[in-house]
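First comes the structure, then the notes that go with it.
The values are calculated or read from the model by the stated rules, or taken from the named source; none is laboratory data. In this text, all values refer to a predicted model and were calculated from it rather than measured experimentally. When we count neighbours, we look across all protein chains shown, and the Cβ atoms used for this are built from the backbone with ideal geometry, even at glycine. In case anyone asks, the SASA skips ligands and DNA or RNA and just uses the protein heavy atoms, side chains included. Shrake-Rupley method; radii C 1.70, N 1.55, O 1.52, S 1.80 Å.
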Amino acid sequence: QVQLVESGGGLVQPGGSLRLSCAASGFIFRTYAMRWYRQAPGKDRDLVAAISNFGVTNYADSVKGRFTISRDNAKNTVYLQMNSLKPEDTAVYYCSAYSRPYAYWGVGTQVTVSS
């Protein structure tokens with residue numbers, strides 16, 4: 001069955017870095033666009049970064065220049081490198097795989113940015 005398993009979240013001080021990973025299985029990873037979303041308490045789930053199956057990337061304005069999305073098709077894994085973290089980056093981060101009409105989600109990993 002399809003699985004997306006996020007890892008790498010945790011508590012980090014402002015200005016610090018984290019690298020999230022999402023390991024995928026159960027579908028042809030290289031044919032899917034991969035996305036990272038985040039959801040803070042009481043707020044909507046927002047798109048943070050996306051990478052197409054061809055490697056084209058897009059970012060939310062709030063993370064441009066600080067976050068980098070990448071994928072390793074040989075490992076069926078997508079990454080989100082997060083630098084210069086701010087308290088407002090605190091949220092549950094979700095990995096998603098998309099290839100119309102299919103969309104799959106992971107269960108999320110908590111990222112907390114606090115001193």
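Structural remarks
- First in segment 48-64 and farther than 19 Å from S84 by Cα, second anywhere and among the β-branched types (V, I, T) and open to solvent by 30 Å² or more (accessible area, probe 1.4 Å), Cβ under 6 Å, 6 or more apart: I51/T57; N53/T31
- Among residues of segment 91-103 being surrounded by fewer than 18 Cβ atoms within 10 Å (Cβ to Cβ) and within 16 Å of the chain's Cα centre (by Cα), the one that is modelled with the highest pLDDT is Y98.
- So E6, is it among the acidic types (D, E), surrounded by 14 or more Cβ atoms within 10 Å (Cβ to Cβ) and either closer than 24 Å to S115 by Cβ or in contact with a strand residue (DSSP E or B) (Cβ under 8 Å, 6 or more places away or on another chain) (or both): yes
- Cβ-Cβ distances below 8 Å connect the following pairs, each with a first residue in segment 99-112 that is under 22 Å from F67 (Cα atoms), a second residue that is buried (at least 18 other Cβ atoms within 10 Å of the Cβ) and acidic (D, E), and a separation of six or more residues or different chains: G106/E6; V107/E6; G108/E6; T109/E6; V111/D89.
- G55 meets each of the listed conditions (1) over 19 Å from Q110 (Cβ atoms); (2) outside any loop (DSSP other than H, G, I, E, B); (3) of a type in the set (G, A, S) apart from (2).
- Residues of segment 9-25 satisfying the condition of being open to solvent by less than 60 Å² (accessible area, probe 1.4 Å) and among the small types (G, A, S): G9, G10, G15, G16, S21, A23, A24, S25
- Cβ-Cβ under 6 Å pairs, at least 6 apart or on other chains, segment 22-37 side modelled with pLDDT under 95, far side crowded, with 22+ Cβ neighbours inside 10 Å and assigned to a helix (DSSP H, G or I): none
- Residues being in a strand (DSSP E or B) and more than 22 Å from L85 (Cα to Cα) - total across segment 1-33: 7
- Test: V78 is of a type in the set (A, V, I, L, M), outside any strand (DSSP E or B), in contact (Cβ under 8 Å) with a residue 12 or more places away in the chain and crowded, with 16+ Cβ neighbours inside 10 Å: no
- Meets criteria (in contact with a strand residue (DSSP E or B) (Cβ under 9 Å, 6 or more places away or on another chain), open to solvent by 40 Å² or more (accessible area, probe 1.4 Å) and assigned to a loop (DSSP other than H, G, I, E, B)) for S62: yes
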